[in-house]
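Here's the structure we're looking at; comments come further down.
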Amino acid sequence: MPVNLQHRSFLKELDFTAEELLYLVELGATLKAARAGGYERRSLDGKNIALIFEKTSTRTRSAFEVAAHDQGAHVTYIGPDESQIGTKESLRDTARVLGRMFDGIQYRGFDQQLIEILGAHAGVPVWNGLTDQWHPTQMLADVLTMREHTAKQRADVVYCYVGDGRNNTARSLLVTGAILGMNVRIAAPEPLWPEADLRATAQELAACSGGTVLVTDDLRRGVRDADFVYTDVWVSMGEPAEEWARRIELLRPYQVDTTVMADTGNAHAKFMHCLPALHNRETEIGEQLYQRTGLDALEVTDEVFEAPASIVFDQAENRLHTVKAVMVATLGGSSAGHDAPVFTNP
Ligand code: CP
Ligand code: NVA
């Protein structure tokens, strides 16, 4: 069966099969090549897209805006505190209003339940640009980036997420690898492990896909043989700043440094991060935390971040191509399917 994602929302990875997720990754790769080769064809001409951001963003907003422009669509940005959402109007009502005006809606916000309401009532595709629980568009970029940086078959790839195992990125990495039949590890102190239900779901998915899942507090065991070591901020957007002290206490031993990279035993191991990263003192938060704790880097050292093995900016670029794939596949009409070419030949 050819994959057809027209009119589908992209709310979380668990709503998608391996074939569907891989289709989006491959379409992202194809769109990337077309853009680089100057033969990209527009399949979103005249579409109107709403970009709702209840939290701040650099990559996700830029990816949606540039992808939409490349494909001929128009965007309307609605930033944090810039609309009636939540204060004077429910999300259910907002969904029914925006669905009358827009062809697709990107939503970045807090609880996943909110975007599920939007998806249920908008009547047009809704795409998750990050919630407290999931970061699915990030996963498409990450899988594409891994594919570009290893010659291994997907089933042989090992990646280890190190850090706050309960956050959106960690949870998404856990289920995405399990769906795709990859070898996923989460190395985190036990209080920061993904919840038991989610661990069980990931194990079930891996049992079906042929993947493996390991959640451990043993950092060395987690990263052994890893092809990719991945980390993210220790305190996520929406969490209170008071969390920093406890998080630093828990996660200081899990900072990704050159020893952690060496512990993979894999000379080709790559470092990944969804960004933004606190790897030096060049940010307000980085400097404040340095003043309070003496740490000049948090989740990753500057040395690892800046090393040749770091592929974080490839990940960032791939947000554009894969976000474009999501919009083209769900909104682009029949020409976006497997059976009909999206592009003219170079
Ligand atoms: N990785 C990511 O989602 O980045 P932004 O918060 O800048 O969008
Ligand atoms: N876990 C991070 C991801 C940022 C892209 C956060 O939610 O802030």
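The values are calculated or read from the model by the stated rules, or taken from the named source; none is laboratory data. If you're wondering where the values come from, they're calculated on a predicted model, not measured in any experiment. Cβ: placed from backbone, ideal geometry, glycine included. Neighbour counts: every protein chain shown. Areas reflect the complete protein model, heavy atoms only, side chains present, ligands, DNA and RNA absent. Shrake-Rupley method; radii C 1.70, N 1.55, O 1.52, S 1.80 Å.
Points to keep in mind about this one:
- Taking the criterion of being in contact with a Leu (Cβ under 8 Å, 6 or more places away or on another chain) and of a type in the set (Asp, Glu), the residues of segment 16-53 that qualify are GLU20, GLU40.
- Hits in segment 216-237 - residues which are of a type outside the set (Asp, Glu) and away from ligand 1 (no atom under 13 Å from the Cβ): THR216, LEU219, ARG220, ARG221, GLY222, VAL223, ARG224, ALA226, PHE228, VAL229, TRP234, VAL235
- Close pairs from segment 66-80: first touching a residue at least 12 places away in the same chain (Cβ under 8 Å), partner assigned to a loop (DSSP other than H, G, I, E, B) and polar (S, T, N, Q), Cβ under 7 Å, at least 6 apart: GLN71/SER43; PRO80/THR56
- Residue check, GLY163 within 14 Å of SER236 (Cβ to Cβ) and in contact (Cβ under 8 Å) with a residue 24 or more places away in the chain: yes
- Criterion: open to solvent by less than 10 Å² (accessible area, probe 1.4 Å), in a loop (DSSP other than H, G, I, E, B) and within 13 Å of ligand 2 (Cβ to nearest atom) - qualifying residue of THR169, THR131: THR131
- Taking the numbered list (1) hydroxyl-bearing (Ser, Thr, Tyr); (2) without any contact (Cβ under 8 Å) to a residue 40 or more places away in the chain; (3) within 29 Å of LEU144 (Cβ to Cβ) in turn, THR264 passes all entries but (2).
- Single condition MET237 does not satisfy, out of (1) within 16 Å of ligand 2 (Cβ to nearest atom); (2) under 26 Å from ALA262 (Cα atoms); (3) of a type outside the set (Asp, Glu); (4) out of contact with any Gly (no Cβ under 9 Å at 6 or more places or on another chain): (2)
- Which numbered condition ALA151 fails, given (1) in a loop (DSSP other than H, G, I, E, B); (2) more than 12 Å from ligand 2 (Cβ to nearest atom); (3) touching a Gly at 6+ places or on another chain (Cβ under 8 Å): (3)
- Within segment 307-333, tally of residues that are of a type in the set (A, V, I, L, M) and either part of a loop (DSSP other than H, G, I, E, B) or out of contact with any strand residue (DSSP E or B) (no Cβ under 7 Å at 6 or more places or on another chain) (or both): 9
Each row is one residue, and each column tells you yes or no for (1) open to solvent by 20 Å² or more (accessible area, probe 1.4 Å); (2) modelled with pLDDT under 95; (3) aromatic (Phe, Trp, Tyr); (4) under 30 Å from HIS268 (Cα atoms).
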residue: GLY294; (1), (2), (3), (4): yes, no, no, no
residue: GLN315; (1), (2), (3), (4): no, no, no, yes
residue: VAL323; (1), (2), (3), (4): no, no, no, yes
residue: ASN345; (1), (2), (3), (4): yes, yes, no, no
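- Residues located in segment 211-224, provided they are surrounded by 13 or more Cβ atoms within 10 Å (Cβ to Cβ) and outside any helix (DSSP H, G or I): GLY211, THR212, VAL213, LEU214, VAL215, THR216, ASP217, ARG224
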